[in-house]
1. Looking at the structure I just gave you, is residue 119 touching a helix residue (DSSP H, G or I) at 6+ places or on another chain (Cβ under 7 Å), within 13 Å of residue 200 (Cα to Cα) and in contact (Cβ under 8 Å) with a residue 40 or more places away in the chain?
2. Does the range 100-107 contain any residue that is buried (at least 22 other Cβ atoms within 10 Å of the Cβ), under 26 Å from residue 232 (Cα atoms) and touching a residue at least 40 places away in the same chain (Cβ under 8 Å)?
3. Select, from 21, 39, 31, the only residue that is in a strand (DSSP E or B) and at pLDDT 95 or above.
4. Restricting to the range 148-167, give me the number of residues that are touching a helix residue (DSSP H, G or I) at 6+ places or on another chain (Cβ under 6 Å) and under 25 Å from residue 213 (Cβ atoms).
5. If you go through the range 138-177, how many residues are more than 16 Å from the chain's Cα centre (by Cα), assigned to a loop (DSSP other than H, G, I, E, B) and over 26 Å from residue 51 (Cβ atoms)?
6. When you scan the range 198-211, do you find a residue that is over 16 Å from residue 88 (Cβ atoms), modelled with pLDDT of 95 or more and part of a strand (DSSP E or B), even just one?
7. So, in the range 186-237, of the ones that are free of Cβ contacts under 8 Å to residues at least 40 places away in the same chain and surrounded by 14 or more Cβ atoms within 10 Å (Cβ to Cβ), which residue ends up nearest to residue 19 (Cα to Cα)?
8. Please list, ordered by first then second residue, the pairs with beta carbon atoms under 8 Å, 6 or more apart or interchain, first in the range 9-35 and without any contact (Cβ under 8 Å) to a residue 24 or more places away in the chain and at negative phi, second loosely packed, with under 14 Cβ neighbours inside 10 Å and part of a strand (DSSP E or B).
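The values are calculated or read from the model by the stated rules, or taken from the named source; none is laboratory data. Here the structure is a predicted model, which is why all the values come from computation and not from measurement. Cβ placement follows ideal geometry from the backbone for every residue including glycine, while neighbour counts extend to all protein chains displayed.
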């Protein structure tokens, strides 16, 4: 299975994503510079975290115009799976591939800590391998991670089960205290209507090995692998 991990100026989690995909999960993964215009036969795309273009203007606002994003948009339009992590989530929102926006944390402070995530639906390419009821313990590291959208968009996301993850406490409750950035509805990640594009602010690639204190993030990547494999087998049948 071939993964393309995008690389923008000031990406800082691209190598982490490649390591997890290649060395932990055993798949092919390569870095793809932002000036490329082709994904080179990738089966899935990871838009990693970092501070693309130094977060000038606003997070993701410049990266969304990089040449590679045209290829990503075409790939997603054809049903290809795309996962945006942290800055990648911000870029996907700026590019219109996901609804809403990520704005300054309500504390106006950079937050770097572990959080608990509740998976709200197994019905996506990014959540299908998460056991029912399991809370994911993963780290966050962002200053602009507050998810915001108008009331109509939030209602649509809820009605279509497109809120994939919520910030919760250790008991699985979406409390205000468990919300690290002020996101509406404690939203940590969402997907598009076709369920092949998703973004989340927490970093699953930093929680994919027991040595790091949690391997829960591996379940998100395993879900993506499972979805691609299932689709390939169905097409070959």
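1. no
2. Looking for residues that are buried (at least 22 other Cβ atoms within 10 Å of the Cβ), under 26 Å from residue 232 (Cα atoms) and touching a residue at least 40 places away in the same chain (Cβ under 8 Å), one finds none in the range 100-107, hence no.
3. Of 21, 39, 31, the one residue that is in a strand (DSSP E or B) and at pLDDT 95 or above is 31.
4. Number of matching residues: 2.
5. Counting residues in the range 138-177 that are more than 16 Å from the chain's Cα centre (by Cα), assigned to a loop (DSSP other than H, G, I, E, B) and over 26 Å from residue 51 (Cβ atoms) gives 12.
6. For the range 198-211, residues over 16 Å from residue 88 (Cβ atoms), modelled with pLDDT of 95 or more and part of a strand (DSSP E or B): present.
7. Ranking the qualifying residues of the range 186-237, first place goes to 215.
8. 22/28
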